[in-house]
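These notes are about the structure you will find just below.
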Amino acid sequence: MTETLAADADFSDRDAAARAILTGNDRGGYTVPTAGLYPYQWNWDSAFASLGFAQFDLERAWREIETLFSGQWESGQVPHILFHKPDPGYFPGPDVWGCTGPIPSSGITQPPVALSFATRLLAADPALGAARFAALYPKMRKWAEWFLRWRRDEKGAIFVVHPWESGRDNAPDWDNAMDAIDPQGVGYYERRDTQHVDASMRPTKYDYDRYIWLVQRGKALEWDDARLAQDNPFRVADPTMHFILLRALRDLYAAGEAQGLDTAGMAEQLAELEAGAQALWNPGMGFYDSYNCANGIWSNALTNASFLCWFAGLDAPEMAQHLSRVLDAAPYGVPSLAPFDPRFDARRYWRGPTWGMMNMMIGEGASERGVALGEEVRKRTREVIARYGFVEYFDPMTGAAAGGKAFTWTAAVWLAWAGKEG
Ligand code: GLC
(Lines give C-alpha, C1' and ligand atoms only; values in the text may rest on other atoms or scores of the structure.)
Protein backbone atom coordinates (compact mmCIF):
# COMPACT_ATOMS: atom_id res chain seq x y z
CA MET A 1 0.00 0.00 0.00
CA THR A 2 1.15 3.54 -0.66
CA GLU A 3 1.05 6.34 1.82
CA THR A 4 -2.40 7.89 1.53
CA LEU A 5 -3.29 11.56 1.39
CA ALA A 6 -4.46 13.13 4.63
CA ALA A 7 -8.05 12.14 5.33
CA ASP A 8 -9.06 15.79 5.71
CA ALA A 9 -7.27 16.98 2.54
CA ASP A 10 -9.29 19.73 0.89
CA PHE A 11 -10.23 18.76 -2.63
CA SER A 12 -12.74 21.52 -3.31
CA ASP A 13 -10.50 23.06 -5.97
CA ARG A 14 -10.61 19.75 -7.81
CA ASP A 15 -14.39 19.96 -8.00
CA ALA A 16 -14.15 23.29 -9.79
CA ALA A 17 -11.42 21.95 -12.11
CA ALA A 18 -13.55 18.91 -12.94
CA ARG A 19 -16.55 21.07 -13.80
CA ALA A 20 -14.32 23.25 -15.99
CA ILE A 21 -13.19 20.16 -17.95
CA LEU A 22 -16.78 19.15 -18.62
CA THR A 23 -17.82 22.60 -19.74
CA GLY A 24 -14.58 23.00 -21.73
CA ASN A 25 -15.24 19.74 -23.61
CA ASP A 26 -18.89 20.62 -24.20
CA ARG A 27 -19.54 21.15 -27.91
CA GLY A 28 -23.18 22.15 -27.45
CA GLY A 29 -25.44 19.20 -26.63
CA TYR A 30 -22.62 16.69 -26.57
CA THR A 31 -19.23 16.42 -24.90
CA VAL A 32 -15.99 15.22 -26.50
CA PRO A 33 -13.82 12.82 -24.45
CA THR A 34 -10.87 15.18 -24.91
CA ALA A 35 -9.98 17.80 -27.50
CA GLY A 36 -7.57 16.62 -30.23
CA LEU A 37 -7.31 12.87 -29.61
CA TYR A 38 -11.09 12.22 -29.47
CA PRO A 39 -12.96 15.14 -31.08
CA TYR A 40 -16.45 13.60 -31.45
CA GLN A 41 -19.23 12.16 -29.29
CA TRP A 42 -18.28 8.73 -27.98
CA ASN A 43 -21.08 6.58 -26.66
CA TRP A 44 -20.04 5.47 -23.19
CA ASP A 45 -17.86 8.52 -22.58
CA SER A 46 -21.00 10.54 -23.16
CA ALA A 47 -22.89 8.53 -20.54
CA PHE A 48 -20.23 9.41 -17.97
CA ALA A 49 -20.25 13.03 -19.10
CA SER A 50 -23.96 13.09 -18.46
CA LEU A 51 -23.50 11.76 -14.95
CA GLY A 52 -20.84 14.41 -14.34
CA PHE A 53 -23.12 17.21 -15.58
CA ALA A 54 -25.89 15.81 -13.38
CA GLN A 55 -23.89 16.93 -10.35
CA PHE A 56 -24.39 20.60 -11.25
CA ASP A 57 -26.64 20.94 -14.34
CA LEU A 58 -29.30 18.27 -14.67
CA GLU A 59 -30.89 19.82 -17.74
CA ARG A 60 -27.54 19.60 -19.59
CA ALA A 61 -27.12 16.04 -18.35
CA TRP A 62 -30.38 14.97 -20.04
CA ARG A 63 -29.38 16.69 -23.24
CA GLU A 64 -26.19 14.65 -23.48
CA ILE A 65 -28.13 11.39 -23.56
CA GLU A 66 -30.80 12.78 -25.86
CA THR A 67 -28.11 13.84 -28.34
CA LEU A 68 -26.60 10.36 -28.15
CA PHE A 69 -29.96 8.82 -29.02
CA SER A 70 -30.42 11.22 -31.92
CA GLY A 71 -27.85 8.99 -33.67
CA GLN A 72 -29.73 5.74 -33.02
CA TRP A 73 -30.10 3.51 -36.06
CA GLU A 74 -33.35 2.05 -37.29
CA SER A 75 -32.20 -1.36 -35.97
CA GLY A 76 -31.95 0.00 -32.43
CA GLN A 77 -28.14 0.11 -32.38
CA VAL A 78 -26.60 3.27 -30.92
CA PRO A 79 -23.20 3.90 -32.57
CA HIS A 80 -19.95 4.12 -30.67
CA ILE A 81 -19.00 7.43 -32.31
CA LEU A 82 -21.25 10.18 -33.68
CA PHE A 83 -19.38 12.45 -36.09
CA HIS A 84 -21.46 15.57 -35.56
CA LYS A 85 -18.97 17.93 -37.21
CA PRO A 86 -16.03 16.99 -39.47
CA ASP A 87 -12.59 16.98 -37.84
CA PRO A 88 -9.62 16.09 -40.05
CA GLY A 89 -7.47 15.38 -36.96
CA TYR A 90 -9.17 12.04 -36.39
CA PHE A 91 -8.79 8.69 -38.15
CA PRO A 92 -10.85 6.60 -39.04
CA GLY A 93 -13.50 9.20 -39.86
CA PRO A 94 -17.00 8.86 -41.32
CA ASP A 95 -15.89 8.05 -44.88
CA VAL A 96 -13.87 5.06 -43.68
CA TRP A 97 -16.87 3.68 -41.79
CA GLY A 98 -19.35 4.37 -44.57
CA CYS A 99 -22.48 4.29 -42.40
CA THR A 100 -25.92 5.64 -43.24
CA GLY A 101 -27.57 6.31 -39.85
CA PRO A 102 -29.36 9.60 -39.07
CA ILE A 103 -26.00 11.17 -38.10
CA PRO A 104 -22.63 10.18 -39.67
CA SER A 105 -21.29 7.52 -37.33
CA SER A 106 -19.18 4.47 -36.76
CA GLY A 107 -20.79 1.09 -37.46
CA ILE A 108 -20.34 -0.58 -34.08
CA THR A 109 -21.70 0.16 -30.62
CA GLN A 110 -20.27 0.47 -27.09
CA PRO A 111 -21.33 -0.70 -23.60
CA PRO A 112 -24.82 0.69 -22.87
CA VAL A 113 -24.08 2.32 -19.54
CA ALA A 114 -26.12 5.33 -20.72
CA LEU A 115 -29.28 3.35 -19.91
CA SER A 116 -28.28 2.98 -16.28
CA PHE A 117 -27.23 6.59 -15.97
CA ALA A 118 -30.51 7.82 -17.47
CA THR A 119 -32.27 6.17 -14.54
CA ARG A 120 -29.99 8.07 -12.18
CA LEU A 121 -30.88 11.38 -13.81
CA LEU A 122 -34.51 10.47 -13.30
CA ALA A 123 -33.91 9.62 -9.64
CA ALA A 124 -32.05 12.92 -9.10
CA ASP A 125 -35.21 14.91 -9.94
CA PRO A 126 -38.23 12.82 -10.93
CA ALA A 127 -40.35 15.89 -11.66
CA LEU A 128 -37.81 17.32 -14.10
CA GLY A 129 -36.98 13.92 -15.59
CA ALA A 130 -40.22 11.94 -15.91
CA ALA A 131 -41.26 13.16 -19.37
CA ARG A 132 -37.73 13.09 -20.74
CA PHE A 133 -37.20 9.59 -19.41
CA ALA A 134 -40.50 8.40 -20.87
CA ALA A 135 -39.53 9.81 -24.28
CA LEU A 136 -36.19 8.00 -24.24
CA TYR A 137 -37.54 4.79 -22.75
CA PRO A 138 -38.72 3.00 -25.94
CA LYS A 139 -35.45 3.90 -27.65
CA MET A 140 -33.48 2.56 -24.71
CA ARG A 141 -35.45 -0.67 -24.72
CA LYS A 142 -34.90 -1.00 -28.43
CA TRP A 143 -31.14 -0.71 -28.00
CA ALA A 144 -31.16 -3.35 -25.23
CA GLU A 145 -33.22 -5.66 -27.42
CA TRP A 146 -30.85 -5.13 -30.35
CA PHE A 147 -28.02 -6.52 -28.18
CA LEU A 148 -30.12 -9.54 -27.24
CA ARG A 149 -30.98 -10.23 -30.83
CA TRP A 150 -27.67 -9.56 -32.59
CA ARG A 151 -24.89 -9.80 -30.06
CA ARG A 152 -25.72 -12.97 -28.13
CA ASP A 153 -24.00 -16.30 -28.74
CA GLU A 154 -25.50 -19.76 -28.37
CA LYS A 155 -24.37 -19.93 -24.71
CA GLY A 156 -26.22 -16.74 -23.91
CA ALA A 157 -23.15 -14.47 -23.57
CA ILE A 158 -22.99 -11.05 -25.21
CA PHE A 159 -20.16 -10.75 -27.73
CA VAL A 160 -18.44 -7.92 -29.57
CA VAL A 161 -17.56 -7.79 -33.28
CA HIS A 162 -14.66 -5.34 -32.94
CA PRO A 163 -12.31 -4.64 -30.00
CA TRP A 164 -13.47 -0.99 -30.07
CA GLU A 165 -17.01 -2.14 -29.41
CA SER A 166 -16.05 -3.35 -25.95
CA GLY A 167 -14.35 -0.01 -25.21
CA ARG A 168 -11.19 -1.88 -24.09
CA ASP A 169 -9.35 -1.48 -27.37
CA ASN A 170 -6.14 -3.48 -26.97
CA ALA A 171 -7.05 -5.74 -24.03
CA PRO A 172 -5.50 -9.23 -24.14
CA ASP A 173 -9.05 -10.55 -24.49
CA TRP A 174 -8.90 -10.05 -28.23
CA ASP A 175 -5.49 -11.58 -28.93
CA ASN A 176 -6.69 -15.00 -29.99
CA ALA A 177 -9.32 -13.67 -32.39
CA MET A 178 -6.95 -10.98 -33.69
CA ASP A 179 -4.26 -13.57 -34.43
CA ALA A 180 -6.65 -15.32 -36.80
CA ILE A 181 -7.00 -12.17 -38.91
CA ASP A 182 -4.62 -11.62 -41.78
CA PRO A 183 -4.96 -7.88 -42.46
CA GLN A 184 -4.00 -8.25 -46.11
CA GLY A 185 -5.19 -5.50 -48.36
CA VAL A 186 -5.78 -3.05 -45.54
CA GLY A 187 -3.88 -0.51 -47.65
CA TYR A 188 -2.10 2.65 -46.58
CA TYR A 189 -3.60 4.70 -43.79
CA GLU A 190 -2.28 7.35 -41.49
CA ARG A 191 -2.85 6.98 -37.76
CA ARG A 192 -3.67 10.21 -35.96
CA ASP A 193 -3.73 8.99 -32.37
CA THR A 194 0.07 8.80 -32.11
CA GLN A 195 0.29 12.48 -33.09
CA HIS A 196 -1.54 13.34 -29.86
CA VAL A 197 -0.16 10.75 -27.42
CA ASP A 198 3.18 8.91 -27.18
CA ALA A 199 3.11 5.67 -29.21
CA SER A 200 4.28 3.60 -26.21
CA MET A 201 0.94 4.32 -24.53
CA ARG A 202 -1.17 3.38 -27.56
CA PRO A 203 -2.10 0.14 -29.33
CA THR A 204 0.59 -1.29 -31.64
CA LYS A 205 0.62 -1.28 -35.46
CA TYR A 206 -0.17 -5.00 -35.35
CA ASP A 207 -3.44 -4.16 -33.54
CA TYR A 208 -4.22 -1.11 -35.62
CA ASP A 209 -3.94 -2.94 -38.94
CA ARG A 210 -6.55 -5.40 -37.66
CA TYR A 211 -8.82 -2.64 -36.28
CA ILE A 212 -8.89 -1.00 -39.69
CA TRP A 213 -9.23 -4.29 -41.54
CA LEU A 214 -12.30 -5.08 -39.42
CA VAL A 215 -13.80 -1.66 -40.17
CA GLN A 216 -13.27 -2.24 -43.90
CA ARG A 217 -14.87 -5.66 -43.56
CA GLY A 218 -17.91 -4.25 -41.72
CA LYS A 219 -18.28 -1.56 -44.38
CA ALA A 220 -18.16 -4.22 -47.11
CA LEU A 221 -20.97 -6.05 -45.30
CA GLU A 222 -22.85 -2.71 -45.19
CA TRP A 223 -22.97 -3.04 -41.39
CA ASP A 224 -25.85 -5.45 -41.85
CA ASP A 225 -26.41 -7.21 -38.52
CA ALA A 226 -27.28 -10.59 -40.00
CA ARG A 227 -24.28 -10.60 -42.33
CA LEU A 228 -21.98 -9.39 -39.56
CA ALA A 229 -23.17 -12.16 -37.26
CA GLN A 230 -22.31 -14.74 -39.94
CA ASP A 231 -19.32 -13.39 -41.80
CA ASN A 232 -17.32 -11.47 -39.25
CA PRO A 233 -14.22 -13.39 -38.17
CA PHE A 234 -14.11 -11.46 -34.89
CA ARG A 235 -16.68 -12.48 -32.29
CA VAL A 236 -15.56 -12.47 -28.67
CA ALA A 237 -17.86 -12.97 -25.67
CA ASP A 238 -17.11 -10.01 -23.45
CA PRO A 239 -17.76 -9.42 -19.73
CA THR A 240 -17.71 -5.62 -20.27
CA MET A 241 -20.65 -5.76 -22.61
CA HIS A 242 -22.50 -8.53 -20.83
CA PHE A 243 -22.26 -7.10 -17.32
CA ILE A 244 -23.03 -3.52 -18.34
CA LEU A 245 -26.03 -4.64 -20.40
CA LEU A 246 -27.28 -6.74 -17.51
CA ARG A 247 -27.06 -3.76 -15.17
CA ALA A 248 -28.67 -1.51 -17.77
CA LEU A 249 -31.64 -3.81 -18.19
CA ARG A 250 -32.02 -4.21 -14.44
CA ASP A 251 -32.06 -0.42 -13.95
CA LEU A 252 -34.35 0.20 -16.88
CA TYR A 253 -36.82 -2.44 -15.73
CA ALA A 254 -36.99 -1.04 -12.19
CA ALA A 255 -37.43 2.54 -13.42
CA GLY A 256 -39.95 1.49 -16.06
CA GLU A 257 -42.07 -0.25 -13.43
CA ALA A 258 -41.87 2.72 -11.09
CA GLN A 259 -42.93 5.10 -13.89
CA GLY A 260 -45.78 2.86 -15.03
CA LEU A 261 -44.19 2.28 -18.47
CA ASP A 262 -44.44 -0.84 -20.60
CA THR A 263 -42.14 -3.52 -19.14
CA ALA A 264 -43.51 -6.49 -21.06
CA GLY A 265 -40.84 -9.14 -21.60
CA MET A 266 -38.20 -7.50 -19.42
CA ALA A 267 -38.31 -10.02 -16.58
CA GLU A 268 -37.55 -12.81 -19.09
CA GLN A 269 -34.80 -10.81 -20.77
CA LEU A 270 -33.20 -10.16 -17.42
CA ALA A 271 -33.39 -13.83 -16.41
CA GLU A 272 -31.79 -14.85 -19.71
CA LEU A 273 -28.92 -12.44 -19.26
CA GLU A 274 -28.41 -13.59 -15.68
CA ALA A 275 -28.22 -17.18 -16.85
CA GLY A 276 -25.97 -16.19 -19.77
CA ALA A 277 -23.46 -14.61 -17.37
CA GLN A 278 -22.49 -18.10 -16.27
CA ALA A 279 -21.08 -18.73 -19.73
CA LEU A 280 -18.39 -16.14 -18.90
CA TRP A 281 -17.16 -18.03 -15.85
CA ASN A 282 -13.79 -19.59 -16.69
CA PRO A 283 -13.72 -22.73 -14.54
CA GLY A 284 -10.03 -23.39 -15.06
CA MET A 285 -9.00 -19.95 -13.79
CA GLY A 286 -11.90 -19.43 -11.38
CA PHE A 287 -12.86 -15.96 -12.59
CA TYR A 288 -15.07 -14.17 -15.12
CA ASP A 289 -13.34 -14.05 -18.46
CA SER A 290 -13.87 -13.58 -22.20
CA TYR A 291 -13.65 -16.26 -24.88
CA ASN A 292 -13.37 -16.42 -28.63
CA CYS A 293 -16.79 -17.55 -29.91
CA ALA A 294 -15.18 -19.13 -32.97
CA ASN A 295 -13.23 -21.75 -31.03
CA GLY A 296 -14.26 -21.42 -27.36
CA ILE A 297 -10.70 -20.50 -26.32
CA TRP A 298 -10.59 -18.51 -23.06
CA SER A 299 -8.46 -15.40 -22.73
CA ASN A 300 -7.36 -16.49 -19.23
CA ALA A 301 -7.18 -12.79 -18.44
CA LEU A 302 -8.15 -11.30 -15.10
CA THR A 303 -9.07 -7.81 -16.25
CA ASN A 304 -10.98 -4.88 -14.81
CA ALA A 305 -13.99 -6.12 -16.83
CA SER A 306 -13.94 -9.38 -14.84
CA PHE A 307 -14.75 -7.28 -11.77
CA LEU A 308 -17.87 -5.73 -13.28
CA CYS A 309 -19.83 -8.75 -11.99
CA TRP A 310 -21.01 -6.81 -8.94
CA PHE A 311 -22.14 -3.88 -11.07
CA ALA A 312 -24.26 -6.46 -12.90
CA GLY A 313 -25.82 -7.43 -9.56
CA LEU A 314 -24.12 -10.84 -9.30
CA ASP A 315 -22.57 -12.23 -6.13
CA ALA A 316 -19.16 -13.80 -6.63
CA PRO A 317 -17.12 -14.46 -3.47
CA GLU A 318 -14.13 -15.72 -5.50
CA MET A 319 -13.97 -12.38 -7.29
CA ALA A 320 -13.49 -10.58 -3.97
CA GLN A 321 -10.41 -12.72 -3.34
CA HIS A 322 -9.08 -11.88 -6.79
CA LEU A 323 -9.72 -8.19 -6.20
CA SER A 324 -7.79 -8.33 -2.98
CA ARG A 325 -4.80 -9.96 -4.72
CA VAL A 326 -4.88 -7.45 -7.53
CA LEU A 327 -5.09 -4.44 -5.19
CA ASP A 328 -2.15 -5.82 -3.19
CA ALA A 329 -0.10 -5.93 -6.38
CA ALA A 330 -1.17 -2.54 -7.82
CA PRO A 331 -1.47 0.39 -5.38
CA TYR A 332 -3.26 2.94 -7.60
CA GLY A 333 -6.59 1.39 -8.52
CA VAL A 334 -7.81 -1.70 -10.34
CA PRO A 335 -5.43 -2.36 -13.24
CA SER A 336 -6.90 -3.25 -16.63
CA LEU A 337 -4.90 -6.50 -16.46
CA ALA A 338 -3.64 -8.26 -13.33
CA PRO A 339 0.02 -7.27 -12.76
CA PHE A 340 1.00 -10.92 -12.26
CA ASP A 341 -0.11 -11.75 -15.82
CA PRO A 342 2.95 -11.89 -18.16
CA ARG A 343 1.02 -9.79 -20.72
CA PHE A 344 0.78 -6.89 -18.25
CA ASP A 345 2.16 -3.58 -19.56
CA ALA A 346 1.73 -0.73 -17.05
CA ARG A 347 1.43 2.10 -19.61
CA ARG A 348 -0.17 0.47 -22.62
CA TYR A 349 -3.82 1.40 -22.56
CA TRP A 350 -5.97 -1.65 -21.72
CA ARG A 351 -3.10 -4.02 -20.96
CA GLY A 352 -2.27 -2.64 -17.52
CA PRO A 353 -3.29 0.98 -16.75
CA THR A 354 -6.05 1.85 -14.31
CA TRP A 355 -9.10 3.74 -15.59
CA GLY A 356 -11.27 5.93 -13.34
CA MET A 357 -14.55 5.00 -14.99
CA MET A 358 -13.94 1.27 -14.72
CA ASN A 359 -12.93 1.77 -11.10
CA MET A 360 -16.22 3.57 -10.49
CA MET A 361 -18.33 0.72 -11.85
CA ILE A 362 -16.23 -1.84 -9.97
CA GLY A 363 -16.14 0.11 -6.70
CA GLU A 364 -19.79 1.09 -6.69
CA GLY A 365 -20.91 -2.38 -7.68
CA ALA A 366 -18.77 -4.01 -5.00
CA SER A 367 -20.07 -1.66 -2.30
CA GLU A 368 -23.66 -2.32 -3.36
CA ARG A 369 -23.06 -6.08 -3.01
CA GLY A 370 -21.47 -5.65 0.43
CA VAL A 371 -17.88 -6.21 -0.72
CA ALA A 372 -15.79 -4.02 1.58
CA LEU A 373 -13.02 -3.46 -0.98
CA GLY A 374 -15.41 -1.32 -3.02
CA GLU A 375 -14.69 1.63 -0.76
CA GLU A 376 -10.96 0.97 -1.03
CA VAL A 377 -11.25 1.19 -4.81
CA ARG A 378 -12.98 4.56 -4.43
CA LYS A 379 -10.31 5.92 -2.09
CA ARG A 380 -7.50 4.87 -4.37
CA THR A 381 -9.20 6.34 -7.41
CA ARG A 382 -9.71 9.58 -5.51
CA GLU A 383 -6.09 9.64 -4.54
CA VAL A 384 -4.68 8.94 -7.97
CA ILE A 385 -6.87 11.60 -9.58
CA ALA A 386 -6.15 14.14 -6.84
CA ARG A 387 -2.41 13.62 -7.21
CA TYR A 388 -2.01 13.20 -10.95
CA GLY A 389 -4.93 15.03 -12.52
CA PHE A 390 -7.90 14.38 -14.79
CA VAL A 391 -6.03 12.36 -17.37
CA GLU A 392 -7.29 9.51 -19.52
CA TYR A 393 -5.75 6.71 -17.39
CA PHE A 394 -2.90 6.02 -14.95
CA ASP A 395 0.02 3.69 -14.43
CA PRO A 396 -1.40 1.43 -11.69
CA MET A 397 2.02 0.82 -10.11
CA THR A 398 3.28 4.42 -9.84
CA GLY A 399 0.11 6.45 -10.38
CA ALA A 400 1.81 8.35 -13.23
CA ALA A 401 -0.56 10.20 -15.56
CA ALA A 402 -0.97 8.66 -19.02
CA GLY A 403 -2.86 9.16 -22.29
CA GLY A 404 -4.92 12.26 -23.10
CA LYS A 405 -5.26 15.26 -20.77
CA ALA A 406 -8.37 17.10 -19.49
CA PHE A 407 -10.40 13.96 -19.94
CA THR A 408 -14.16 14.13 -19.64
CA TRP A 409 -14.91 10.82 -17.96
CA THR A 410 -12.17 11.17 -15.37
CA ALA A 411 -13.59 14.57 -14.39
CA ALA A 412 -17.11 13.13 -14.34
CA VAL A 413 -16.08 10.21 -12.18
CA TRP A 414 -14.50 12.63 -9.75
CA LEU A 415 -17.70 14.65 -9.42
CA ALA A 416 -20.11 11.72 -9.33
CA TRP A 417 -18.17 9.27 -7.19
CA ALA A 418 -14.44 9.40 -6.45
CA GLY A 419 -14.32 12.92 -5.03
CA LYS A 420 -17.38 12.50 -2.83
CA GLU A 421 -17.05 11.70 0.83
CA GLY A 422 -17.77 8.01 1.38
C1 GLC B 1 -10.60 4.72 -26.52
C2 GLC B 1 -11.12 3.87 -25.36
C3 GLC B 1 -12.61 3.82 -25.38
C4 GLC B 1 -13.17 5.24 -25.34
C5 GLC B 1 -12.53 6.14 -26.41
C6 GLC B 1 -12.85 7.61 -26.20
O7 GLC B 1 -10.91 4.16 -27.74
O8 GLC B 1 -10.56 2.60 -25.39
O9 GLC B 1 -13.11 3.08 -24.30
O10 GLC B 1 -14.54 5.25 -25.45
O11 GLC B 1 -11.14 6.01 -26.41
O12 GLC B 1 -12.43 8.03 -24.94
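The values are calculated or read from the model by the stated rules, or taken from the named source; none is laboratory data. Please read all numbers here as calculations on a predicted model, not as lab measurements. We place every Cβ from the backbone using ideal geometry, glycine too, and count neighbours over all the protein chains shown. Only protein heavy atoms, including side chains, enter the accessible area calculation; ligands, DNA and RNA are left aside. Shrake-Rupley method; radii C 1.70, N 1.55, O 1.52, S 1.80 Å.
Structure data summary
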{"read-out": "Length-normalised contact order for segment 302-341 - Cα pairs under 8 Å, 6+ apart - percent", "value": "49"}
{"read-out": "Karplus-derived 3J(HN,Hα), 6.51/-1.76/1.60, for each residue of segment 250-259, Hz, glycine and proline x", "value": "4, 5, 5, 4, 4, 5, x, 4, 4, 8"}
{"read-out": "Net length gained if the chain between E59 and A226 were fully extended (0.36 nm per residue, minus Cα distance)", "value": "56.3 nm"}
{"read-out": "Under 5 Å, built H, 5+ apart or other chain: amide partners of Y288", "value": "N282"}
{"read-out": "Longest DSSP-loop-exposure-free segment, GluC sites (Glu not before Pro), the chain, at most 13 other Cβ within 10 Å", "value": "223-420"}
{"read-out": "Whole-number percent relative contact order across segment 49-105, with pairs defined as alpha carbons under 8 Å at least 6 apart", "value": "30"}
{"read-out": "Average Cα contact separation per residue, the chain, under 8 Å, 6 or more apart, as relative contact order %", "value": "18"}
{"read-out": "Carbon plus sulfur fraction of accessible area for the chain, probe 1.4 Å, in percent", "value": "51"}
{"read-out": "Whole-Hz couplings from phi, Karplus 6.51/-1.76/1.60, listed for segment 214-226; x for Gly and Pro", "value": "5, 5, 4, 5, x, 4, 4, 8, 6, 6, 7, 4, 5"}
{"read-out": "³J(HN,Hα), Karplus 6.51/-1.76/1.60, whole Hz, each residue of segment 196-203, x for Gly, Pro", "value": "9, 9, 3, 4, 5, 9, 10, x"}
{"read-out": "Three-way shape call for segment 36-103 based on the alpha-carbon gyration tensor, with the a/c threshold at 1.5", "value": "oblate"}
{"read-out": "Residue of D238, D193, D179 that the Gaussian network model of the chain assigns the largest fluctuation, springs spanning Cα pairs under 10 Å", "value": "D179"}
